[in-house]
1. So what's the gap between the Cα centers of the stretch A:128-183 and the stretch C:1-43, to the nearest angstrom?
2. Beyond 21 Å, what share of the Cα-Cα pairs of the stretch B:168-261 remains, rounded to the nearest whole percent?
3. Taking the DSSP beta bridges in the protein assembly as shown as the whole, what percent of them are antiparallel, to the nearest 5?
4. In whole Å, what three semi-axes, largest first, describe the equivalent ellipsoid of the stretch B:248-326 built from its Cα gyration tensor (square root of 5 times each eigenvalue)?
5. Angle check, please: helix B:104-116 long axis (alpha carbons) against the longest principal axis of chain B (alpha carbons), in degrees 0 to 90, nearest 10.
6. Please report the relative contact order for chain B, taking Cα pairs under 8 Å with a sequence separation of at least 6, and give it as a percent rounded to a whole number.
7. Once Rh is set to the Kirkwood radius over Cα pairs, what Stokes-Einstein translational diffusion coefficient, in µm²/s, holds for the stretch A:11-246 at a temperature of 4 °C and a viscosity of 1.567 mPa s?
8. Just to confirm the number: angle between the C-alpha axis of helix B:51-66 and the first principal axis of chain B, 0 to 90 degrees, nearest 10?
């Protein structure tokens, strides 16, 4: 992504501007109060939510009521639970109806154990939904070629995984992320597998536009405090990226005998 | 009428306008994702003391991405008719010299000679589109060459997407088109008349070739025409733009240096050997996986030194007059004077002595789709 | 007279079946944000008042919940 002017550090996805580079998921929290507290502490402006059929007890709490009332928060339905493109497309359309926003996170993981995203179903769902006017944010394996294919069919951003959902293995896909970042024309948001704020900072330092965290906050000792820590880490990572990190060690050591003596002759 | 630099090409937003320091050079050398800022640092005066470090880094990166090999190709000038008035070129329309084109049978003979010399990749060159050597003629020559060579490239004139698609179908796998200089004012001044005066038409042609399914596009600047740092930064921006928007195609880069030829055009911004070497090292460091070319313009010792130090693709035994491989005496003047006149076996022997393997064939055309070059 | 429907996959006898709005009221989810899918078709909020229910209709009600 092109660097912006020094004052503004907003990023743009699907034509919408955001200043926060931390996205939050709302799953796995012990209760609504904690979840809402964490989301607010994170400063996230894009928050993913899921769709479920209403249970037998029609008086279930509306976990998301308070979030819905917050200004500046965009709820983004997640198609998680869908096992193929047509289920994801259906879920996306329901989500759009409920949220009234065109944002959708396409998440299709057929295997319920490792939860790795299906590249083929994801591509198909993204293609159909982008053509239908959705702002498509696909959760995807960190594959540079798949990234270009998803760009080509009209996705608004890319959401490559850092490591498997809930694994907490951080930026295991760092090298692939670098390749994706180099040639990306749309924002790159690392999603899944982050465990610590330092990992989120590292993703931003590397040049990613944003990160999405869920388990790392929900399953931490104090989710509200952790959400705040992530928010500060994301800002730090972003500032570091713009400032330019100092060089890694060993960059200027001479390893072999001279290679450039052929130039010392007075060449034309 | 001077063109304006398109925003995607303009490197200035990526730079902070101040002179690079030693710290900037070190930062550039340690950077994981180097861009224009880093290239500018590596080409600045502050980088001069780092020449040897850059050479070693360039060699390591070239070995990583290309192995200990040099890709070999041969240029074949099909015709030297030209309607352009480029101040620096031996083929300019106001230079009096014999003009001719190879008839198809002659081209066939020249191609046979190149095959016998061991080449599997040929680059077909012409001047500007003309009634003597226009698109149809080039298409016929490409079809002919594609029957015998595994990789056929052209270096001719800007074309439409449709024309590039037809060439791709006929077996053209590469299009080379140097912008010469990205500075619009210099470009306007140097291209005195003819179709080549159109800066934007030329600039956008490589993208059209990629859109049409041409597998590889060759970009380059002619060192000596303008500030080489500015041209290098624009070249980097051009390459990044194409890679971002046409992910299925590849690029190569080349930095021919103005050399003496008929007409003796003096370079306004002369680049010496050290300058060219530094540019190759810097570009290799910033673009580790892009093939970098060096032609026979340069003297043998320089080519020997640079092979594998960033440079990954070279020609040898080249003739720069029309045809020339089958004849004892050239029938036209060359586009430029050849600096390295060694034969292919001599050149390959040098490479092997330096631990490099000359590679003539990188891909077999028998794998090509029936509908070659489709944008699938 | 009650009408037999399938709501969220289970049998349900609806007393109020002249419109979806009435059905939702009967179920106690009157004002809450839900998406209504009738026989596989999404019914926009604005149309719920006019949409009557017949024997055997399948109604699915979705809401947003926490999720990654």
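A short reminder: the numbers here are calculations on the coordinates, not readings from a lab. Computed from a prediction, not measured in an experiment: that's the story for all the values here. Here the Cβ positions follow ideal geometry from the backbone for every residue, glycine too, while neighbour counts run over all protein chains shown.
1. 39
2. Values: 1434 of 4371 pairs.
Everything past 21 Å amounts to 33 percent.
3. Details: 22 of 79 bridges.
Just about 30 percent of them are antiparallel.
4. On the way: eigenvalues 101, 62, 33 Å².
So the equivalent ellipsoid measures 22, 18, 13 Å along its semi-axes.
5. Once rounded, one gets 60 degrees.
6. Working: 735 pairs, mean separation 90.6, N = 376.
Relative contact order here is 24 percent.
7. Values: Rh = 17.6 Å.
Answer, rounded: 74 µm²/s.
8. 50
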